[in-house]
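The values are calculated or read from the model by the stated rules, or taken from the named source; none is laboratory data. Keep in mind that this is a model prediction, so the values were computed, not measured. No Cβ is skipped: glycine too gets one built from the backbone with ideal geometry, and neighbour counts run over all protein chains shown. Each accessible area value is taken on the protein alone, full model and side chains, heavy atoms only, with ligands, DNA and RNA left out. Shrake-Rupley method; radii C 1.70, N 1.55, O 1.52, S 1.80 Å.
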Amino acid sequence: VLVEKHPYYAKFFYQRRDGEVKVSMLQLFLGSAFIVAVCWGIFNMKYIAGCAILMWGPGDAAAALLGKRFGRHKINLPLADKKKSWEGSLSFALVSFVIGCIWLTYFTEMSALSIIITALVTSLTGAYVELITKGGFDTITVPSANMIMLIILSFIM
């Protein structure tokens, strides 16, 4: 709370509304704890927790940065957030896919084809969930959707 009053705080954190950074951090910590508890505690699949979170974080950053900079084609689909663009969603999917491939290659013994399919399906799922999530709750919804998809695919691949 004291830090928020410092003039440099506004330079590091852009807030659309008061308290947004605190809410986002709380969502990040609680969501990550939930994912770790499920993946590690229930399924004993530690690698899925890291993969689900890392496929979301940089993908979300790419969608925000590239979507704001190059997003000229707004998505007009029934459930989609009307502020989102095809450019942002595609950059989310691409960055998420690359990170998923790297993570799964390093932390699993899956075949190359299984890695590509798993990363592709999960990155497209995450991009879609990010697209339809409104109100800044994608910090919870996208990593959770990634986790669910990775768990499902780990049983069938």
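Return the pair list, or none, for Cβ contacts closer than 6 Å from residues in the stretch 139-157 that are under 12 Å from S32 (Cα atoms) to residues that are not in a helix (DSSP H, G or I), at least 6 apart or on different chains.
T141/T133
Just give me the residues in the stretch 102-118 being in a helix (DSSP H, G or I) and more than 17 Å from I151 (Cβ to Cβ), in sequence order.
Within the stretch 102-118, I102, T105, Y106, A112, L113, I116 qualify.
Filter the stretch 103-118 down to residues that are open to solvent by less than 30 Å² (accessible area, probe 1.4 Å) and touching a residue at least 40 places away in the same chain (Cβ under 8 Å) and give me whichever is nearest to A61 (Cα to Cα).
Checked the stretch 103-118; the qualifying residue nearest to A61 (Cα to Cα) is L104.
Tally up the residues in the stretch 75-96 that are surrounded by 15 or more Cβ atoms within 10 Å (Cβ to Cβ) and in contact (Cβ under 8 Å) with a residue 40 or more places away in the chain, please.
Here the count works out to 6.
May I ask you to list the residues in the stretch 37-63 that are of a type in the set (F, W, Y), part of a helix (DSSP H, G or I) and more than 17 Å from the chain's Cα centre (by Cα)?
W40
Criterion first (assigned to a helix (DSSP H, G or I), more than 24 Å from S24 (Cβ to Cβ), open to solvent by less than 50 Å² (accessible area, probe 1.4 Å) and in contact (Cβ under 8 Å) with a residue 24 or more places away in the chain) does L131 satisfy it?
Judged against the criteria, L131 is not a match.
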